[in-house]
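Participant: The structure follows.
The values are calculated or read from the model by the stated rules, or taken from the named source; none is laboratory data. If you're wondering where the values come from, they're calculated on a predicted model, not measured in any experiment. Here Cβ is always computed from backbone atoms with ideal geometry, including for glycine, and neighbour counts include all displayed protein chains.
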């Protein structure tokens, strides 16, 4: 009887792509994959450390794993494992901690998977992290997250990621295209390009992100690509123009702003100002008018006064955007922001966050309503939610329709007729 293994992933799409690649090796070695929370022989937890809440969720996941499977071998990897390996090793139930260089080397250290009296830590200094480990997700039948880049060279004062993932690095265009071709052979229709700073692709090989998307556009079998979070200073005009004419690269942008105050952007050590950011958004609006534009924003950064926050709010309010990913500032140990003056109270951060969330609701609703009465290509996903299923238009409008197994992993013409109480688009599938 095969041993059972379960996985739990915290954090970003990049982590999900890496967990999926780790899981494939277990499957190739004859392990049976079960859902996290079910009784398992081995549990692998892939962690995030972007916020204090992420660290807390990791500790909670370990406790849950130990409670549900008290005899399981528990391995912890990922960003939090790299950042605080010894702290994780002290948590009861943890048998192994794998830092960034060892994330894909589980079987290098384990011959027989049995509970250990003492936790073993295999970590490294961040300066030693040089290898690029390719990865892509394969748990979803319709979409795959393709890791194209790792690490970051940007010294943002609030962020720990460069200190745990190392320098920016990536494969060549040719090697990345090979990964996409494997994904295509597996039957996926849509690929999401992911990484820590994907616009920085190709620094080592002397290539560019634009070189990559032009090459990926030619891969047979992949019908749709989405570009995940990309820095505003790295969105070149040629990338925007290419997206406007490509049949495969979808009108969907996810761009981190972080603050609409130039003063706060300088304190954060971001590589742009609000003028550049507005210019990028307006170019997208002009060249890709139907595009979904999601924006990251942090509120409560040290030194953010009420006036600074109002600058951010008014700036966001003035932009033609579709959604806000709102983050409450969280102190990260060892970052320059940890020692900055002007800390904002948790109550004030909550108030500002709620105001931004409501602005996001207004922007999102307005964006959806614009497309009532229009026809779109929708890729439907396999999960059944009650009697419904969901899919997404090219420009990331979430569509809800009665469940039909024949629609899974199929791209169909869909006429949007309205927005339901849940905030999802509804309508009719068009017959060709």
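Participant: Specify the residue that is surrounded by the fewest Cβ atoms within 10 Å (Cβ to Cβ); the eligible residues are those in the range 161-194 that are under 19 Å from residue 327 (Cβ atoms) and touching a helix residue (DSSP H, G or I) at 6+ places or on another chain (Cβ under 6 Å).
Facilitator: Among those residues, the one meeting the criterion is 163.
Participant: Further question: Can you tell me which residue within the range 221-239, out of those that are farther than 22 Å from residue 378 by Cβ and over 22 Å from the mean Cα position of the chain (by Cα), is surrounded by the most Cβ atoms within 10 Å (Cβ to Cβ)?
Facilitator: Kept after step one, since they are farther than 22 Å from residue 378 by Cβ, are these residues of the range 221-239: 229-239.
Going one step further and asking which of them are over 22 Å from the mean Cα position of the chain (by Cα), we end up with 237-238.
Working: 237: 11, 238: 13.
By that ranking, first place goes to 238.
Participant: For the range 215-243, give me each residue that is out of contact with any strand residue (DSSP E or B) (no Cβ under 9 Å at 6 or more places or on another chain) and within 26 Å of residue 409 (Cβ to Cβ).
Facilitator: Hits for the range 215-243 are 215, 218, 220, 221.
Participant: Please name all residue pairs, on different chains or six or more residues apart, with Cβ atoms under 6 Å, provided the first residue is in the range 296-312 and is without any contact (Cβ under 8 Å) to a residue 12 or more places away in the chain and the second residue is in a strand (DSSP E or B).
Facilitator: Every condition considered, no pair remains.
Participant: If I filter the range 240-255 down to residues being touching a helix residue (DSSP H, G or I) at 6+ places or on another chain (Cβ under 7 Å) and touching a residue at least 40 places away in the same chain (Cβ under 8 Å), which single residue comes out as surrounded by the most Cβ atoms within 10 Å (Cβ to Cβ)?
Facilitator: 253
Participant: Do you know which of the residues in the range 1-15 that are farther than 29 Å from residue 226 by Cα and modelled with pLDDT under 90 is nearest to the chain's Cα centre (by Cα)?
Facilitator: First, pick out the residues of the range 1-15 that are farther than 29 Å from residue 226 by Cα: 1-5.
Going one step further and asking which of them are modelled with pLDDT under 90, we end up with 1-3.
Values: 1: 36, 2: 32, 3: 30 Å.
The extreme case among them is 3.
Participant: With respect to the numbered conditions (1) in contact with a strand residue (DSSP E or B) (Cβ under 7 Å, 6 or more places away or on another chain); (2) more than 25 Å from residue 397 (Cβ to Cβ); (3) assigned to a helix (DSSP H, G or I), which one is the sole condition not fulfilled by residue 196?
Facilitator: The number of the failed condition is (3).
Participant: Tell me which of these residue 361 doesn't satisfy, since it passes every other one: (1) within 26 Å of the chain's Cα centre (by Cα); (2) surrounded by fewer than 20 Cβ atoms within 10 Å (Cβ to Cβ); (3) outside the structural domain of residue 264 (by TED's automatic domain parsing).
Facilitator: Only one criterion is unmet by residue 361, namely (3).
Participant: For the range 375-397: of the residues being more than 12 Å from residue 143 (Cα to Cα), in contact with a strand residue (DSSP E or B) (Cβ under 9 Å, 6 or more places away or on another chain) and surrounded by fewer than 15 Cβ atoms within 10 Å (Cβ to Cβ), which is modelled with the highest pLDDT?
Facilitator: 375
Participant: Would you check which residues across the range 91-111 are assigned to a loop (DSSP other than H, G, I, E, B) and touching a residue at least 40 places away in the same chain (Cβ under 8 Å) and list them?
Facilitator: If the condition is that a residue be assigned to a loop (DSSP other than H, G, I, E, B) and touching a residue at least 40 places away in the same chain (Cβ under 8 Å), then 103, 104 are the ones that fit.
Participant: Examine the range 16-30 for a residue that is at pLDDT 90 or above, crowded, with 18+ Cβ neighbours inside 10 Å and assigned to a strand (DSSP E or B), and state whether such a residue exists.
Facilitator: No, the range 16-30 has no match at all.
Participant: Just checking, which of 88, 45 is surrounded by 20 or more Cβ atoms within 10 Å (Cβ to Cβ), modelled with pLDDT of 90 or more, assigned to a helix (DSSP H, G or I) and in contact with a helix residue (DSSP H, G or I) (Cβ under 8 Å, 6 or more places away or on another chain)?
Facilitator: Within the list 88, 45, the selection yields 88.
Participant: Would the range 301-317 turn up any residue that is touching a strand residue (DSSP E or B) at 6+ places or on another chain (Cβ under 6 Å) and buried (at least 23 other Cβ atoms within 10 Å of the Cβ)? Full working, then the answer.
Facilitator: Initially, the range 301-317 is screened for residues touching a strand residue (DSSP E or B) at 6+ places or on another chain (Cβ under 6 Å), giving none.
No; the residues of the range 301-317 include none that is touching a strand residue (DSSP E or B) at 6+ places or on another chain (Cβ under 6 Å) and buried (at least 23 other Cβ atoms within 10 Å of the Cβ).
Participant: Here's something else I'd like to know. Is it true that some residue in the range 59-81 is within 22 Å of the chain's Cα centre (by Cα) and surrounded by fewer than 18 Cβ atoms within 10 Å (Cβ to Cβ)?
Facilitator: Yes; the residues of the range 59-81 include at least one that is within 22 Å of the chain's Cα centre (by Cα) and surrounded by fewer than 18 Cβ atoms within 10 Å (Cβ to Cβ).
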